[in-house]
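Comments concern the structure below.
The values are calculated or read from the model by the stated rules, or taken from the named source; none is laboratory data. Computed from a predicted model, the values in this text were never measured in an experiment. Virtual Cβ from ideal backbone geometry, glycine too; neighbours counted across all protein chains shown. These area figures cover heavy atoms from the full protein model, side chains too; ligands, DNA and RNA do not enter into them. Shrake-Rupley method; radii C 1.70, N 1.55, O 1.52, S 1.80 Å.
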Amino acid sequence: KTAVTSFTRTHKWDIEKSVATEKGYTLNGYPKIWLYIDGSGNETATWTVDVTYEGFEDSDFNVSGVINIENTGTLDAVITSVVDKLAGTTIAVNCGVEFPYTLPAGETLTCTYSEDVDSKIEGFNEVTVTTERDTYFADAEIIWGDPTTEINKTVAIEDVSDLFGTFNVGTVTAPNGDKFTYDKPFAWVDYGADNCGSFTYNNTATIVQTGQSASATLKVNVQCYIWETAYAKGDDAICFIPTFANWGWTNPLPQNTMDLWAGAGRCDTWRGTLVGTTDAWGNITMSSPYLLRKTHVYRGTTMFPLDRRGRQTVAPGQYYIEDDAEWVIVHAEVGIPDPDFGP
C-alpha cells in the first residue's frame with residue numbers, strides 16, 4: 001500500500017508605502033515641497049514600497065493512496081473485508097467491488113482511498129485484508145513533504161499614482177521580501193506662472209495577487225505671482241497725488257533710464273518693489289524674478305493725459321502718444337513672487 005500526502009501553502013505578505021523629500025518639510029503629517037519662482041525650492045521626492053514576508057498558512061491536508069491485494073496462491077481467495085486505518089482512525093476504501101469478493105488465483109484487486117484531515121497527522125496508514133482462510137496486513141508511514149500547491153509564493157507589485165500612472169514595480173518571492181524605490185525631481189519651471197498653487201499627489205501600491213495596498217501622499221506648493229501696478233519714476237518725477245487719489249508718477253522729458261516701481265502706495269518707494277527699468281518709450285527691462293504682463297505709455301504735451309471731455313486723467317486705458325511730447329507716464333502690470341509663500 002501507499003500513503004501520499006498533499007496540502008496547500010498560502011504565503012502571507014505585508015506592504016507599506018512612503019514618500020520623503022530632500023528638505024524634509026511636512027504639513028499636517030504629509031511631506032510637502034515648496035517650489036519657489038527663483039528655483040531655490042527645487043528638490044527630489046523619493047517613494048519607497050516595502051514588501052515584507054509574513055510567513056505562511058498550510059491548509060487542505062489530505063492523505064491518499066493505493067492498496068494492491070494480490071492472490072499469489074493457487075486457489076481462489078474469498079475476501080470478506082478490507083479495513084483501512086489512518087493514524088488509528090478507520091477511513092473509507094473504494095475497491096470497486098462488494099464483499100465478500102472472490103479474488104481468483106494470480107489476480108490483483110486494487111483499492112484506493114483519499115481522506116481530508118485537519119492537520120499534518122503523524123503515524124501510519126494501516127490496511128487489514130481478511131479472507132475466509134487468513135488475515136493479511138500492510139502499512140505505510142505518513143510523511144509530509146513539500147506543499148503540493150503554493151498560493152502567492154511569488155507576487156507582483158503594481159503602482160498607481162497621479163504622477164506616473166500605472167506601472168509594475170517588481171515581484172517578490174517567498175520567503176524573501178524586498179524594498180523598491182523610485183524618485184522624481186520637482187522644479188518651479190515645470191509648472192510656471194499659469195499653473196501655480198497647491199497640488200496633492202496620491203500614490204497607491206498594491207500586491208496584485210492579494211489586493212493588499214498601501215498609499216502615500218505628497219503635497220506640492222508652487223509659488224504664484226502677485227500682480228501689482230507699477231509706474232516709472234525718473235528724474236524730477238511728480239506724484240499723481242494730490243491731483244489724483246491713486247499713486248504713480250508723471251515724468252518731464254527728456255528722460256533716460258527710469259526705475260520701474262511696483263506697489264509703491266502714496267508714491268512711497270519704501271513701500272514698493274523695484275522691479276526693473278524702462279526708457280521713455282516704455283521699453284521695459286524686468287529684473288529677475290519679476291514678470292511683465294501689460295504696459296501702457298503716455299507721451300504728451302500736458303503733465304497728465306486728457307480724456308475725451310478734456311479732463312485730466314491717469315487711467316492707463318486712456319493713455320496716448322503725441323508729437324512734441326513733454327511728459328511721459330509708463331504704467332505696467334507686473335508679477336511679484338508671493339511674499340507670504342513658504343513653510
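The figures follow:
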{"read-out": "Unit charges at the beta carbon, dipole of the chain: most positive-side option, Gly88, Ala325, Gly55", "value": "Ala325"}
{"read-out": "Rough spin-label spacing in nm, given labels placed 7 Å along Cα→Cβ, for Glu141 and Thr80", "value": "3.4 nm"}
{"read-out": "Farthest positive-ward along the chain dipole, Cα basis, beta-carbon charges - from Ser198, Trp261, Ala214", "value": "Trp261"}
{"read-out": "Net lengthening on full extension, Ala87/Ser288 (0.36 nm per residue, minus Cα-Cα)", "value": "63.7 nm"}
{"read-out": "Separation between Cα centres of segment 214-243 and segment 245-284, rounded to whole Å", "value": "15 Å"}
{"read-out": "Dipole-positive endmost among Ile69, Val97, Thr44 within the chain (Cβ charges, Cα centre)", "value": "Thr44"}
{"read-out": "Euclidean distance between Cα centres, segment 62-114 to segment 7-33, Å", "value": "60 Å"}
{"read-out": "Cβ crowding within 10 Å averaged over residues, with 53-66, 223-236 ranked highest first", "value": "223-236, 53-66"}
{"read-out": "Net +/- balance of residues flanking Glu107 in space, Cβ distance below 10 Å, scoring K and R +1, D and E -1", "value": "-2"}
{"read-out": "Centre separation in Å (Cα based) which lies between segment 131-193 and segment 300-326", "value": "78 Å"}
{"read-out": "Length gained when the stretch Thr8-Asp279 is fully extended (0.36 nm per residue, less Cα-Cα span)", "value": "89.1 nm"}
{"read-out": "Peptide ranges 7-20, 114-127 listed from the most packed, as the mean C-beta count within 10 angstrom indicates", "value": "7-20, 114-127"}
{"read-out": "Student exercise, segment 178-295 dipole from Lys, Arg, Asp, Glu Cβ charges, in Debye to nearest 20", "value": "320 debye"}
{"read-out": "Accessible area of the chain belonging to carbon and sulfur atoms, whole % at 1.4 Å probe", "value": "44 percent"}
{"read-out": "Charge dipole (debye, nearest 20) of the chain; +1 at Cβ of Lys and Arg, -1 at Cβ of Asp and Glu", "value": "2120 debye"}
{"read-out": "From the coordinates shown, Rg and Dmax of the Cα atoms in Å corresponds to which of (1) 30.7, 111; (2) 44.4, 141; (3) 29.3, 97", "value": "(2)"}
{"read-out": "Ranked packing of 246-254, 179-187, most packed first, by mean Cβ within 10 Å", "value": "246-254, 179-187"}
{"read-out": "Segment 229-319, dipole about Cα centre (Lys/Arg Cβ +1, Asp/Glu Cβ -1), debye to the nearest 20", "value": "400 debye"}
{"read-out": "In nm, spacing of pseudo-spin labels at Glu43 and Thr128 (7 Å Cα→C-beta vector)", "value": "7.9 nm"}
{"read-out": "Glu150, Glu333, reordered so the largest accessible area comes first (probe 1.4 Å)", "value": "Glu150, Glu333"}
{"read-out": "Length-normalised contact order of the chain in % [C-alpha pairs under 8 Å, at least 6 apart]", "value": "17 percent"}
